[in-house]
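The values are calculated or read from the model by the stated rules, or taken from the named source; none is laboratory data. Fair warning: this is a prediction, and the values are worked out from it, not measured in the lab. Methodologically, a virtual Cβ is constructed for each residue, glycine included, from the backbone with ideal geometry; neighbour enumeration extends over all protein chains shown. Surface areas here come from the heavy atoms of the whole protein model, side chains and all, with no ligands, DNA or RNA. Shrake-Rupley method; radii C 1.70, N 1.55, O 1.52, S 1.80 Å.
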Amino acid sequence: MPRVLSLAPELYANATNSVDHRYQEQMREQDKTPVPTDPTLPRFTLVVGPSPFTMPRGWEFFLTSPYEGASYISTVLHNAGYPVRIVDVRYTPNPLQAAYDQIIGQTDVLGICTFEDNFPFCNELMAMVRDNAPEIPIICGGSLVTSVPNLFMEHTACDIAVISEGEITILDLMESYAAGRWAQDLPTIRGILYRSPEGVVKRTPPRGQMMDLDALPRMRLELWPQAQSPMGLQPQIISSYSRGCKMDCSFCYRTTPQVRAKSPEKMDADLAWLKSRYGIEFSFFVDLTFSSHRRQTIEICDVIKDHDLRWTCLTRCADMDKPRIDAMRDAGADIILYGVESLGSEVLREARKGNSENITVRAMRTTFDGGVRFGALLIVGLPNESEESLNHMVEFAETYNHVTRVKYLSAMPGTTVYQQALQSGLMRSELDHVNWLSIEQALHEDEFLNVSGLSEQACRDAYKRVYDAYQPGPVMDFQHWPENFTHFHPNPDDGLTRSTSYAGSGWRAQASSAGAPLVPGSERYTLDQVASPEVAAAGSSLMACGAKKVTGGLVTAGAA
């Protein structure tokens, strides 16, 4: 029986033609010998906008760290000689104005990183730029524009939507732009949506994923504004050795669904560069299934071991055994994050998780026995969840105090859950939904789409109990706090001795979570304004979410 693809078919293509090979070779050569910056080439500004997402105590570094997507795009252009800047407004009180002020008069081409939860920022920034500098072309890339490119082209001032990976495509686009050839070339540049001179949106054939990740350059982190700040770059990085995922979970969107991996030699060179040039001490490896293949995992851990790093990663419970955990421990793993999601058999089957409670327990024991911390990632409100299965999950979390993150189910654009929510009328429109996603903070008072049929009270009670079962994150001494971070939910309960022996007593007494303030205007997108009354009542009637407390543009700190 042929495989049924849950994501857009264009994401499963391969970048294998002569143009792809040419740019991959260019990336390799320019990584060895970057082209000097040429002031006659068009200036490129890449904007990294805000996310409402909060992180639990010890994980705050994730919100401010340089990450691969923006780093690679800016690096390949920098190495090719383009004047490049990253504008990072992730934790700025008024990110729209801050970004706009660094764009107008200071760039020739604008790139915008899109995430599932920053559509209003992207939309409004593009409108401001278009009104005041209509000559600046706007290119959007990232997960959200990849999942809903037609929505961007219909409802925003985006000129070009880049689908899936962007390193080859951005070089292709900028080479053509610098030569003044967009009118002729855009129809032949694969992997984009663009507007014709008549204003008609056109889609080119897919580019596909790179077959060889060893072509990627070493990341130039000095392009991040952090590098010029008084504190300098933080010693934590978000990185990976692979792209893609062998699984097909119903709630998970992947811009690169096919699995590709760097060679151990490439990984070794990248880590040596990050350590020697930037003093990196900790890495969050965001590979979707870090330990998917035993031999490969052990080979990569052998590489990491030589670089004196502490690190964390994401993986599946089914992909853990003694050889892998021993290799990960010896390589410096602090905590391993497992996509547990739920313990209910019907829930896991519907979600296509390929997991079970027995597999989860086995992975937990293997991890603990191996001397590494087990971090459970849980979801409240998956389809087929019952009060009994939800209560069982809560008791499991409270017994072991091994939780790293809990979230209400999010209907991420492009996923099966999203398509089902559209078909069932849970969303009034795709535009309303992506606006609403911009106020999800990953706090128990968040609004949520109730697809499970459980009562709102049952979901909120379960969320709060799991939230209180958190364990400390790996970077408790984070030194790069933005001065305007918002802090949430102080909790004097230290949890199990395992937590205090790791982080000390009172480790979350001042705050359980922290994040950037919600951006001005967030109050426009609450569920009662973007969904039907019935949908809003099922997931937003008992508590006031942060967006409902926005006054003067900032959310009240410590809101409960």
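Some observations on this one:
- Among ILE103, SER501, LEU314 - extreme Cα towards positive end, dipole of the chain, charges at beta-carbon: LEU314
- Electrostatic dipole magnitude of the chain [Cβ: Lys, Arg +1; Asp, Glu -1; Cα centre; debye, to 20]: 720
- Over all directions, the projected convex hull of the C-alpha atoms in the stretch 156-279 averages 10.9 nm² in area.
- When Rg and Dmax are taken over the Cα atoms of the stretch 296-388, they come to 14.5, 47 Å.
- Protein accessible area in the chain, 1.4 Å probe - carbon and sulfur %: 52
- Mean separation of Cα contacts under 8 Å (6+ apart) over length of the chain, as relative contact order %: 16
- Estimated vicinal HN-Hα couplings, Hz - the stretch 508-522 in sequence order (Karplus 6.51, -1.76, 1.60; Gly, Pro = x): 10, 5, 8, 6, 8, 9, 8, x, 5, x, 4, 6, x, x, 4
- Overall form of the stretch 1-158 per C-alpha gyration tensor (a/c, 1.5; a/b vs b/c): rounded
- Cβ charges +1 (Lys, Arg) and -1 (Asp, Glu), total dipole of the stretch 288-410, debye: 320
- Where only C-alpha atoms are counted, convex hull volume of the chain per residue in Å³: 149
- Between the residues ILE336, CYS545, SER512, the greatest Cα displacement towards the positive end of the dipole of the chain, with unit charges on the Cβ of Lys, Arg, Asp and Glu, is found for ILE336.
- When the alpha carbon gyration tensor of the stretch 109-174 is reduced to an equivalent ellipsoid, the three semi-axes, largest first, read 17, 15, 9 Å.
- Shape parameters for the stretch 463-542, alpha-carbon atoms, Rg then Dmax in Å: 16.9, 48
- Debye log10 I(q)/I(0) for the stretch 233-307, one point scatterer per Cα, at q = 0.25 Å⁻¹: -1.19
- Under 5 Å from the amide H of THR486 lie the amide H atoms of GLY515, ALA516, each residue being 5 or more positions distant or on a separate chain, with H modelled from the backbone and absent for Pro and chain starts.
- For VAL340, the residues whose modelled amide H falls within less than 5 Å of its own, excluding neighbours fewer than 5 places apart on the same chain, are LEU377.
- Euclidean distance of C-alpha centroids, the stretch 246-318 and the stretch 135-156, integer Å: 29
- Mean sequence separation of contacting Cα pairs (under 8 Å, at least six apart), scaled by the length of the stretch 218-339, corresponds to a relative contact order of 23 percent.
- Using θ = phi - 60° and Karplus 6.51 cos²θ - 1.76 cosθ + 1.60, couplings along the stretch 483-495 (whole Hz; Gly, Pro as x): 5, 9, 4, 9, 10, 10, 6, x, 9, x, 7, 7, x
- Mean Cα-pair separation over length for the stretch 360-409, i.e. relative contact order, pairs under 8 Å, 6 or more apart, %: 48
- Whole-Hz ³J(HN,Hα) from phi, Karplus 6.51 cos²θ - 1.76 cosθ + 1.60, for the stretch 103-120, glycine and proline x: 9, 4, x, 10, 8, 9, 9, 10, x, 10, 7, 10, 10, 4, 10, 10, 4, x
- Within the stretch 267-323, all pairs of alpha-carbon atoms sorted by distance into 10 Å bins from zero give the percentages 22, 54, 22, 3.
- Residue (of ILE237, THR289, SER276) at the positive-pole extreme of the stretch 222-323, dipole from beta-carbon charges: THR289
- Peptide ranges 91-98, 121-128 listed from the most packed, as the mean C-beta count within 10 angstrom indicates: 121-128, 91-98
- Placing +1 on the Cβ of every Lys and Arg and -1 on the Cβ of every Asp and Glu, with nothing else charged, gives the stretch 66-172 a dipole about its Cα centre of roughly 180 debye.
- Residue-normalised accessible area of the chain, given per residue in Å² at a 1.4 Å probe: 37
- Distance violations [Cα-Cα > 21 Å] among LYS246/LYS353; LYS353/LYS407; LYS275/LYS322; LYS353/LYS464; LYS246/LYS407; LYS305/LYS353: LYS275/LYS322; LYS353/LYS464; LYS246/LYS407; LYS305/LYS353
- In this structure the amide hydrogen of THR114, modeled in the peptide plane, comes within under 5 Å of the amide hydrogens of GLY141, GLY142, SER143, LEU144, VAL145, none closer than 5 places in sequence on its chain.
- Per-bin percent of Cα-Cα distances, the stretch 497-555 [10 Å]: 20, 31, 23, 20, 6
- The Cβ shell under 13 Å around VAL89 holds other residues with a net charge of -1, Lys and Arg each +1, Asp and Glu each -1.
- Net charge of neighbours whose Cβ lies under 12 Å from the Cβ of ARG524, counting Lys and Arg as +1 and Asp and Glu as -1: -3
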